[in-house]
């Protein structure tokens, strides 16, 4: 059994989104991304399907040029190979579910502002 809290010990980074593995299972990696208002993860792709859920705040989630506003409680699922970007409309807590085959290093290497 593993237990983690997505909303405890929030430590934002002033320069770029703060990325942390919260839990790893046999099939997935659960990652918390903390965005300060206006922080961006520039357009990128993942080789595997992902699920993104907003726990606090709101995110402008772009998918191949189409903008989608995700508010607290919203979830979105993408297949691998789909271009997407994220911009925080306000300070936000986001959960990213990755395939076990994917890496945290790939997420950390996404260009940010």
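Each Cα pair under 8 Å and six or more residues apart adds its separation to the average, and for the chain the resulting relative contact order is 33 percent.
Determine the calculated [θ] at 222 nm for the chain from helices alone, applying -39500 (n - 2.57) to every DSSP H run no shorter than 4 residues and normalising by the residue count; nearest 500 deg cm²/dmol.
Working: 1 runs with 5 residues, N = 113.
Calculated from helices alone, the mean residue ellipticity at 222 nm is -1000 deg cm²/dmol.
Extending 7 Å from Cα along the Cβ direction at residue 74 and again at residue 100 yields two label points whose distance is 3.2 nm.
For segment 18-108, what is the convex hull (Cα atoms) projected area averaged across all directions, in square nanometres? List each step's numbers first, then the result.
On the way: hull surface 20.0 nm².
In nm², the orientation-averaged hull projection of segment 18-108 is 5.0.
Neighbour counting of Cβ atoms within 10 Å sorts the residues 75, 23, 41, fewest neighbours leading, into 75, 23, 41.
Quick note: the coordinates plus some simple rules give every number you see, no bench work behind them. Since this is a predicted model, take the numbers as computed values, not measurements. Every residue, glycine as well, gets a Cβ built from its backbone with ideal geometry; the counts of neighbours run over all protein chains shown.
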